[in-house]
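Colleague: I have a structure here, written as structure tokens, and I will follow up with some questions on it.
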Amino acid sequence: MQALRSHFIPQWSSDVRLEGKTAIVTGANVGIGKETAKDLAGRGARVILACRDMARGEQAARDIMREVKGAKVVTRHLDLADTKSICLFAENIYNNEKTLHFLINNAGVAMCPFATTADGYEMQFGVNHLGHFFLTFLLLDLLKHSAPSRVINLSSLAHNMGKIQFDDLSGDRAYHPARAYAQSKLANVLFTSELAKRTEALGVMAYSVDPGVVSTEITRHLGRPLVAITKTIGFLMKTPAEGAYTSIYCTVTPESQLLTGGYYKDCACAESSRAGQDDGTALKLWAVSCHMLGIRWR
């Protein structure tokens, strides 16, 4: 069984150290985010756990400090479903941090029933894409100041089924949880490619990541048939620690060995869907996102 599992789930390791570096990991209280934060802390980085649930975030910080000797981790409140919260988080970062080398946009919601963010956006598009788009916009000056720096956006294999419904981003007409999730994950890939073009000359690189099929809490909204399937193939699902490999790979691998704007899975550059390589759609999504948020990228 273990031999079969290792065939499907490649192992990876690196001894790169990150002393003197600062990282933000969104959704770091559980799952892939927590494992990513734990790994980076083990490499000597100062890690900010950006969490909606502060009680769980502080527990995650205690867990990491207990398991990693000398870990430098702090918890900060961030609700990606509320632009006011994102603004307050960014203000706190600028008031307390001198540098930011890695922004790991890991948090996400999946397959949830129809709901809207505090600002009225469809929840999956609002959290998975717009929330991280806005967060990156607000923190870009610090990322530029700290260059070379990196933005890592967690996407998903589901982006292959995605299409940006520009005429129904609110989901009012025909909401479907899986379709909305796939759209938000495609948006992550498109955002990454356009961001990379705009920031490479500034020393800020961007990568999108497919962590693989991972056993985490993000599957909590799956229907019974899908839950049954995941239990059947559970031994082939990655653990959260294994799911974090590619995020960590894109954090610690020398810049010369990575392609900014690239899509990564299983610790290697991969090819995203055709829709994920559509520069025209990426540019339109960028403009629409700015309009929805009322911002203007310089």
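The values are calculated or read from the model by the stated rules, or taken from the named source; none is laboratory data. Remember, predicted model here, so these are calculated numbers, not experimental data. Counting neighbours? That spans all protein chains shown, and the Cβs are built from the backbone with ideal geometry, glycine included. Heads up: the accessible areas ignore ligands, DNA and RNA and are worked out on the full protein's heavy atoms, side chains in. Shrake-Rupley method; radii C 1.70, N 1.55, O 1.52, S 1.80 Å.
Colleague: How high is the FRET efficiency from Ser256 to Asp53, r the C-beta distance, R0 35 Å, rounded to 0.05?
Modeller: Working: r = 39 Å, r/R0 = 1.10.
FRET efficiency, Ser256 to Asp53: 0.35.
Colleague: A further question on this structure: Please give the per residue accessible area of the chain, computed with a probe of 1.4 Å over protein heavy atoms only, in Å².
Modeller: Here the per-residue accessible area is 46 Å².
Colleague: Could you let me know the centre-to-centre spacing of segment 96-134 and segment 16-36, using Cα atoms, in angstrom?
Modeller: 17
Colleague: If you don't mind, there's one more thing I want to ask. Could you calculate the FRET efficiency of Lys84 with Leu236 from 1/(1 + (r/R0)^6), where r is the beta carbon distance between them and R0 is 51 Å, rounded to 0.05? Please list the in-between numbers first.
Modeller: Numbers: r = 41 Å, r/R0 = 0.81.
Working from the Cβ atoms, E equals 0.80.
Colleague: Compactness ratio of segment 97-193: Cα Rg over 2.2 N^0.38 Å, N = residue count?
Modeller: 1.14
Colleague: For Asn92 and Ser13, compute 0.36 nm times the residue count separating them, minus their Cα-Cα distance, and round to one decimal in nm.
Modeller: 25.1 nm
Colleague: Expressed in nm², what is the orientationally averaged projection area of the convex hull enclosing the Cα positions of segment 29-92? List each step's numbers first, then the result.
Modeller: On the way: hull surface 16.4 nm².
That works out to 4.1 nm², a quarter of the Cα hull's surface.
Colleague: Okay, next question. Using a 1.4 Å probe on the protein heavy atoms, what percent of the accessible area of segment 32-77 belongs to carbon and sulfur?
Modeller: 46
Colleague: Relative to the Cα centre, what is the charge dipole magnitude of segment 1-82, using +1 at the beta carbon of each Lys and Arg, -1 at the beta carbon of each Asp and Glu, and rounding to the nearest 20 debye?
Modeller: That gives a dipole near 240 debye.
Colleague: Once you treat every alpha carbon in segment 239-298 as an equal point and sum by Debye, what is log10 I(q)/I(0) at q = 0.26 Å⁻¹?
Modeller: -0.98
Colleague: Would you mind computing Rg(Cα) / (2.2 N^0.38 Å) for segment 167-219, counting N as its residues?
Modeller: Output field value: 1.47.
Colleague: Tell me, in nm to one decimal, what length is gained between Lys197 and Cys290 on full extension, where the rule is 0.36 nm per residue of separation less the Cα-Cα distance? Spell out each step's value before the answer.
Modeller: On the way: separation 93, 0.36 × 93 = 33.48 nm, distance 1.65 nm.
Here the answer is 31.8 nm.
Colleague: Now for a separate question. Apply the Karplus curve 6.51 cos²θ - 1.76 cosθ + 1.60, θ = phi - 60°, to the phi angles in segment 261-272 and return the couplings in whole Hz, x for Gly and Pro.
Modeller: x, x, 10, 10, 8, 6, 6, 7, 5, 10, 9, 6
Colleague: Going down the list Lys197/Lys265; Lys72/Lys284; Lys238/Lys284; Lys34/Lys98; Lys144/Lys265; Lys144/Lys284, which pairs span over 32 Å between their C-alpha atoms? Write down the numbers at each step before the final one.
Modeller: Working: Lys197/Lys265 21 Å; Lys72/Lys284 40 Å; Lys238/Lys284 34 Å; Lys34/Lys98 23 Å; Lys144/Lys265 26 Å; Lys144/Lys284 24 Å.
Exceeds cut-off: Lys72/Lys284; Lys238/Lys284.
Colleague: How much space per residue, in cubic angstrom, does the convex hull of the C-alpha atoms of segment 65-133 take up? Spell out each step's value before the answer.
Modeller: On the way: hull volume 8.0 nm³, N = 69.
Roughly 116 Å³ of hull volume per residue.
Colleague: What percentages, rounded to whole numbers, describe P(r) for segment 19-131 computed over all alpha carbon pairs with 10 Å bin width beginning at zero?
Modeller: 15, 46, 30, 8, 0
Colleague: Can I ask one more? Given R₀ = 35 Å, what would the calculated FRET efficiency be for Cys269 paired with Lys69, taking r from the Cβ atoms and rounding to 0.05?
Modeller: My answer for the efficiency is 0.55.
Colleague: Another question, if that's okay. For the chain, what Kirkwood radius comes out of the mean inverse Cα-Cα distance, in Å?
Modeller: Answer for the chain: a Kirkwood hydrodynamic radius of 19.1 Å.
Colleague: Next question, about the same structure. Helix-only estimate, please: 222 nm mean residue ellipticity of the chain, summing -39500 (n - 2.57) across DSSP H runs of length 4 or more and dividing by its residues, to the nearest 500.
Modeller: That calculation yields -12500 deg cm²/dmol at 222 nm.
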